[in-house]
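Data first, discussion second: the structure below is written as structure tokens.
The values are calculated or read from the model by the stated rules, or taken from the named source; none is laboratory data. Quick caveat: nothing in here was measured; it's all calculated off a predicted structure. FYI the Cβ positions are ideal-geometry reconstructions off the backbone, even for glycines, and counts take in every protein chain you see. Just so you know, the surface numbers come from the protein's heavy atoms only, side chains and all, with ligands and any DNA or RNA stripped out. Shrake-Rupley method; radii C 1.70, N 1.55, O 1.52, S 1.80 Å.
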Amino acid sequence: MLTLTSASSALTLFQECKTQRRRFAISAAADDKFPSFLPKQMEEIKDPFARKLATRIERLPVNVNSLFLIFFFRLIYVTFQVSFSEKSIMSSCVKPLIQSNQNPVVLLHGFDSSCLEWRYTFPLLEEAGLETWAIDILGWGFSNLERIKSCDVASKREHFYQLWKSYIKRPMTLVGPSLGAAVAVDFAVNHPEA
């Protein structure tokens, strides 16, 4: 069962995180190792929370075409499934350090943003013992977009569903402002099992 966090609950969580973030001692080390796929401008970021979370961004292969190709060959139907590696996008996210029996919290960023939007909230959720994911929505963030033909609502939904099916694999709690909230609502309506 998918749980949508209400706006008031999300606001309360945000205010709590904003109040508490000062107690976390995160230092911006000069030797932060950023993944090679991140833009070079990442080095210029001074915010220690953003730098710390950026070092944890990964790219995971996500199947973007679960359709079958059907060929007609002398009145015999031949079906081929497109292989995972041929039709996948390297999708960026921050994976959890903590595995839990509870439903994971999945953070979806707002419009024109990335998983770094959650730089203050993410460490607080992990400290609270919650299995937490921060996922870049298709078309935004640091995912490899070379293979994307479409970035419409249906594409975002299918991409997120494939990521969920491949990696999260169980009911989750979605949290997101703006675009993230729209993706969460659309996903919940179309995939209530998630």
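Here are a few things to note about the model shown:
- Subset of the range 39-90 that is part of a strand (DSSP E or B) and at pLDDT 85 or above - its residue that is farthest from GLN162 (Cα to Cα): ILE57
- Of all residues making up the range 138-162, the number that are in contact (Cβ under 8 Å) with a residue 12 or more places away in the chain and within 17 Å of PHE37 (Cβ to Cβ): 10
- From SER166, SER92, residue being open to solvent by 10 Å² or more (accessible area, probe 1.4 Å) and under 26 Å from SER36 (Cβ atoms): SER166
- Counting only residues that are open to solvent by 30 Å² or more (accessible area, probe 1.4 Å) and under 13 Å from GLU158 (Cα atoms), the range 169-188 holds 1 of them.
- Just one of (1) aliphatic (A, V, I, L, M); (2) in contact with a strand residue (DSSP E or B) (Cβ under 8 Å, 6 or more places away or on another chain); (3) surrounded by 14 or more Cβ atoms within 10 Å (Cβ to Cβ) fails for ALA194. It is (2).
- Some residue of the range 172-184 being under 12 Å from ILE89 (Cα atoms) and small (Gly, Ala, Ser): no
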